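Quick notes on the structure that follows.
The values are calculated or read from the model by the stated rules, or taken from the named source; none is laboratory data. Fair warning: this is a prediction, and the values are worked out from it, not measured in the lab. Note that each Cβ is placed from the backbone with ideal geometry, even for glycine, and that neighbours are counted across all protein chains shown. Accessible surface areas use protein heavy atoms only, side chains included; no ligands, DNA or RNA. Shrake-Rupley method; radii C 1.70, N 1.55, O 1.52, S 1.80 Å.
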Amino acid sequence: MDNGIRIETPRLVLRRMMLDDASALLDMLSDERVIKFLPMFALADAQEARAFIERKFLVRYARADAGERDASGCPLDLRYAVCLKGDAGAAGRLIGYIQIGEDEAHDFGYAYVRDAWGHGYASEAARAVVAHAREVGMPFLTATHDELNPASGHVMRACGMEYRYSYRERWMPKDYDVIFRMYQIDFAPDVPTYRGYWDRYTEHWV
């Protein structure tokens with residue numbers, strides 16, 4: 001049974017990821033253009049796609065269904081398959097995923113198939129998930145993007161996030177230096193800027 005929250009927008013359905021999505025996810029995450037700015041290498045086969053779904057989604061859903069919450073008391077299952085709406089509003093083709101991490105940064109991330117870029121789907125889904133995060137009591141969200149990927153910064157701004165600072169990180173597992181721009185949106189009064197990346201990496205600036 002799918003106990004997760006289903007979110008609908010004018011063009012999209014956000015639902016729980018399933019093992020049945022492995023084929024679509026493999027098509028997406030074996031594309032070098034899609035994974036260029038993701039902290040991973042391209043998926044090689046269906047087995048890797050299923051393992052990715054299990055690790056990134058199903059484990060979190062099981063913990064959430066068991067009543068576990070993150071350190072701020074918020075749900076662990078704020079991570080979704082993003083699908084185009086089909087007939088009668090049903091979830092159709094999977095075009096990406098969107099998720100909020102359970103760590104102290106409440107990191108917000110997403111990925112989409114190449115032919116979904118440039119249509120506003122990422123911003124549409126992001127606004128919906130940000131609104132839901134506010135509703136369930138998340139205190140704030142952060143998101144980062146490689147400075148060479150300004151389109152991702154556009155998505156962050158489109159859902160109300162504000163730029164706070166930049167920092168240089170030796171990015172793993174790809175093992176090269178990246179300058180990240182960190183954005184944040186606050187849902188509670190007097191929330192300070194998240195300084196985890198600032199304190200962790202010695203080269204940083206506003």
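Is it the case that Met18 is modelled with pLDDT under 95 and open to solvent by 50 Å² or more (accessible area, probe 1.4 Å)?
It is false that Met18 is modelled with pLDDT under 95 and open to solvent by 50 Å² or more (accessible area, probe 1.4 Å).
Return yes or no: is Ala126 more than 17 Å from Leu76 (Cβ to Cβ), open to solvent by 20 Å² or more (accessible area, probe 1.4 Å) and aliphatic (A, V, I, L, M)?
So Ala126 fails the test.
For the stretch 134-158, which positions are assigned to a helix (DSSP H, G or I), over 12 Å from the mean Cα position of the chain (by Cα) and not charged (D, E, K, R)?
Let us first name the residues in the stretch 134-158 that are assigned to a helix (DSSP H, G or I), namely 134-135, 150-158.
Now restrict to residues that are over 12 Å from the mean Cα position of the chain (by Cα): 134-135, 150-151, 153-154, 157-158.
Pro150, Ala151, Gly153, His154, Ala158, listed by residue number.
Within the set of pairs 6+ apart or on separate chains, which have a first residue in the stretch 160-184 that is polar (S, T, N, Q), a second that is part of a loop (DSSP other than H, G, I, E, B) and crowded, with 17+ Cβ neighbours inside 10 Å, and C-beta atoms under 7 Å apart?
These pairs meet every condition: Gln184/Met161; Gln184/Tyr194.
In the stretch 47-74, how many are of a type outside the set (D, E, K, R), in contact (Cβ under 8 Å) with a residue 12 or more places away in the chain and either open to solvent by 40 Å² or more (accessible area, probe 1.4 Å) or within 20 Å of Ile98 (Cβ to Cβ) (or both)?
Of the residues in the stretch 47-74, 10 are of a type outside the set (D, E, K, R), in contact (Cβ under 8 Å) with a residue 12 or more places away in the chain and either open to solvent by 40 Å² or more (accessible area, probe 1.4 Å) or within 20 Å of Ile98 (Cβ to Cβ) (or both).
What is the one condition in (1) hydrophobic (A, V, I, L, M, F, W, C); (2) at pLDDT below 95; (3) in contact with a Cys (Cβ under 9 Å, 6 or more places away or on another chain) that Ile185 does not satisfy?
Among (1) hydrophobic (A, V, I, L, M, F, W, C); (2) at pLDDT below 95; (3) in contact with a Cys (Cβ under 9 Å, 6 or more places away or on another chain), the lone unmet condition for Ile185 is (2).
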